[in-house]
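Trainee: So that we are looking at the same thing, I have put the structure below in structure tokens.
Every read-out reported here was derived from the displayed coordinates using simple, explicitly stated rules and does not represent laboratory data. None of the values given here were measured: they were computed from a predicted structure. Neighbour counts are summed over all protein chains in view; Cβ atoms, including those assigned to glycine, are modelled from backbone coordinates with ideal geometry.
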Amino acid sequence: MLSQAAALRSRAVTVIDTDYLVIGAGAAGMAFADSLITESDADVVMVDRRHAPGGHWNDAYPFVRLHQPSAFYGVNSRVLGTDSIDTVGPNAGFYERATAAEICEYFRRVLEERLLASGRVRFFGMCDYRFDQSGDHQFVSRLTGAASTVRVRRKIVDATYLETAVPSTHIPSFGVDPNVRLIPINDLVALSEPGSGYTVIGAGKTGMDACIWLLDSGADAYGQGMHSYEVAWEDNDPDRIVLIVHFQDRDSYMANASRAATDTDYQRQLEYLDGEPEWIDVNYADYVGKPLAGN
Ligand SMILES: Cc1cc2nc3c(=O)[nH]c(=O)nc-3n(C[C@H](O)[C@H](O)[C@H](O)COP(=O)(O)OP(=O)(O)OC[C@H]3O[C@@H](n4cnc5c(N)ncnc54)[C@H](O)[C@@H]3O)c2cc1C
């Protein structure tokens, strides 16, 4: 709840005059403001609903990195990173790729040491931009509710155009079965017990990063080497249900069977079985019919 003083402040509307109002202090807004103050003597007001510059990188999953060399990213006036070649890890031999923390720190320094230090840029974090019905450009503090009207001499610059949405800050647009545990990629590092398997939704950069991180972190690919399974019951005895699981080879089967999560599932299934399953090794000399998936 707002204090009385904050409530009073929230009703007072401050008026700010500037040449350019930049909405959004992500990579786009920061690069624009940086070039603008280099190329002109303009005065700039920047507004962002986040507390710090850097946009979506502030909410990124902990193991994200740029997918290109750091030196290709950021604003014109300052290089991101040291243009060095990585010597260890999966990126060894290639130019360094900044982490989210490095990108946020970079944008913080650009803001403080370049934009604010110029004396021509003012930054208002934790503020929502609103276009008022009366035609005013306003921003409202998320902390105090205080509103400010901006009188713009030259241009409003909408640097929110991409509307980047990250899983940790939006509600899924699909239904989720109550038996499924759905987590945003950010929460993978907070897992305290293994999942019985991992299904990654989305096959863009974020999805790829999730797969690579899971594999690098030792999460095995559940069902790897499993061709197919069949559930059937006998004509003569419909109460007798048979489950036949085909694995590519014994190693694949052993890798799956020795997973802690597979064992937990198996112990649960045993309650419904007459007895221990019968494992049969066969070598296919020939296979007639549709090929088994993934063969
Ligand atoms: C996980 C991920 C990895 C990526 N990796 C790369 C990469 O390696 N290389 C690459 O080139 N690109 C990458 N991208 C693309 C990325 O979108 C761009 O690089 C860039 O960061 C986008 O910057 P932006 O300023 O357009 O958007 P954003 O980062 O979304 O910034 C927009 C800002 O506007 C603010 N805002 C929005 N509406 C309002 C409002 N009404 N009032 C006040 N503030 C508002 C938001 O709070 C936000 O801070 C990646 C994207 C994602 C999601």
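Trainee: Using label points projected 7 Å from each Cα along Cα→Cβ, tell me how many nm separate Glu234 and Glu113, to one decimal.
Mentor: Once both label points are built, they end up 7.8 nm from each other.
Trainee: Going by how many other Cβ atoms sit within 10 Å of their own, how do Ile37, Ile103 line up, fewest first?
Mentor: Taking fewest neighbouring Cβ atoms as first place, the list is Ile37, Ile103.
Trainee: If you don't mind, another one. For Arg154 paired with Glu271, estimate the spin-label separation in nm (one decimal), with each label point 7 Å from Cα along the Cα-to-Cβ line.
Mentor: 7.0 nm
Trainee: Once amide H atoms are placed 1.01 Å from N in the peptide plane, what residues at a sequence separation of 5 or more from Met46, or on another chain, have their amide H within under 5 Å of its amide H?
Mentor: Val22, Arg122, Phe123, Phe124
Trainee: Excluding Asp281 itself, calculate the net charge of residues whose Cβ lies under 10 Å from the Cβ of Asp281, where each Lys or Arg counts +1 and each Asp or Glu counts -1.
Mentor: 0
Trainee: I need Phe139, Phe174, Phe63 ordered by Cβ neighbour count within 10 Å, fewest first.
Mentor: Phe174, Phe63, Phe139
Trainee: Determine, from the Cβ-Cβ distance of His67 and Val176 and an R0 of 25 Å, the FRET efficiency 1/(1 + (r/R0)^6), rounded to the nearest 0.05.
Mentor: 0.30
Trainee: Related question: From the P(r) of the chain, can you give the percent of Cα pairs sitting at distances over 28 Å?
Mentor: Here the tail beyond 28 Å accounts for 59 percent of pairs.
Trainee: Take the Cβ-Cβ distance between Val245 and Val189 as r, set R0 to 25 Å, and report the resulting FRET efficiency rounded to the nearest 0.05.
Mentor: 0.20
Trainee: From the square roots a ≥ b ≥ c of the eigenvalues of the alpha-carbon gyration tensor of segment 4-158, which class results: rounded (a/c under 1.5), prolate (a/b over b/c), or oblate?
Mentor: Judged from the Cα gyration tensor, segment 4-158 comes out prolate (a/c at least 1.5, a/b above b/c).
Trainee: Something else about it: Using the Cα centre of the chain as the reference point, and only Cβ charges (+1 on K/R, -1 on D/E), how large is the resulting charge dipole? Debye, rounded to the nearest 20.
Mentor: 2340 debye
Trainee: From the Cα gyration tensor of segment 88-145, with a ≥ b ≥ c the square roots of its eigenvalues, which class applies: rounded if a/c is under 1.5, or else prolate if a/b is larger than b/c, or else oblate?
Mentor: Judged from the Cα gyration tensor, segment 88-145 comes out prolate (a/c at least 1.5, a/b above b/c).
Trainee: Taking the Cα centroid of segment 183-250 and of segment 15-65, what is the distance between the two, rounded to the nearest whole Å?
Mentor: Computed from Cα coordinates, the inter-centre distance equals 42 Å.
Trainee: For the residue pair Arg142 and Ile16, what label-to-label distance in nm results when each label sits 7 Å from Cα along the Cα-to-beta-carbon direction?
Mentor: 1.6 nm
Trainee: Then there's this: Mind checking the dipole of segment 4-158: about its Cα centre, +1 per Lys or Arg Cβ, -1 per Asp or Glu Cβ, Debye to the nearest 20?
Mentor: About 480 debye.
Trainee: Against the longest principal axis of the chain, how steep is helix 205-216, in degrees 0 to 90 to the nearest 10, with axes from Cα atoms?
Mentor: 50 degrees
Trainee: With point charges of +1 on the Cβ of Lys and Arg and -1 on the Cβ of Asp and Glu, referenced to the Cα centre of segment 58-205, which listed residue (Leu162, Leu182, Tyr129) lies farthest in the positive direction of the dipole?
Mentor: Ranked along the dipole, the leading option is Tyr129.
Trainee: Here's another thing I want to ask about it. Going by how many other Cβ atoms sit within 10 Å of their own, how do Met126, Met254, Met30 line up, fewest first?
Mentor: Listing Met126, Met254, Met30 from fewest to most nearby Cβ atoms yields Met254, Met126, Met30.
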